[in-house]
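Novice: Sending over a structure as structure tokens; questions will come in a sec.
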């Protein structure tokens, strides 16, 4: 589901001051991480036009912060960290404007699934339910959830989210339990 690390991800040099180097690295990031950045935007924002705005904010933040990329972490980790920081800020700004209640993992209510019509409809419904769950979580839980769904390791998630390995592992365990309990066929919502 997520992008696999490559040697280049870990050996990406700090960005030189030349515009050509900056342009080339930004083009690489935009190409390699387009799908994950779109998923981050979709996980944090339900409205399609606001998803596009958030995606543009993420691209702008990546562009602006390229000169500060010093290669102390993998390029992948840095991209996810920037994307999730922008998404969290976006959600907090919207939260201030719209009084929406965010909940802990244990408190999230999942809408009941409708009748089974077909596999593709079921998958679409399940994805919609998962996105609904993600948007209702507190920002740190949302961040861990999205990174987990992207296939990042516990270590990578902890580094990106600024959490301890133990705390990250606990949150992931709760996410797995939540999904198995509340999204299983016939589960009470």
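Novice: Which FRET efficiency, nearest 0.05, do residue 183 and residue 140 yield, Cβ-Cβ r, R0 25 Å? Please list the in-between numbers first.
Specialist: Numbers: r = 21 Å, r/R0 = 0.85.
Result of the calculation: an efficiency of 0.75.
Novice: May I ask you to sort 33, 80 by Cβ crowding, counting other Cβ atoms within 10 Å and putting the fewest first? Please list the in-between numbers first.
Specialist: Numbers: 33 20, 80 28.
Fewest-to-most ranking of 33, 80: 33, 80.
Novice: Most exposed first by the Cβ proxy, i.e. fewest other Cβ within 10 Å, how do 84, 131 rank? Working shown, then result.
Specialist: On the way: 84 24, 131 16.
With the sparsest Cβ surroundings first, the list reads 131, 84.
Novice: So for the pair residue 125, residue 70, with labels modelled 7 Å out along Cα→Cβ, what separation do we get in nm?
Specialist: With each label placed 7 Å out from Cα toward Cβ, I get 5.2 nm.
Read-outs throughout are calculated quantities, based only on the coordinates presented, and are distinct from any laboratory measurement. Please read these numbers as outputs of a predicted model, since none were measured by experiment. Cβ atoms come from the backbone with ideal geometry, glycine included; neighbour counts cover every protein chain shown.
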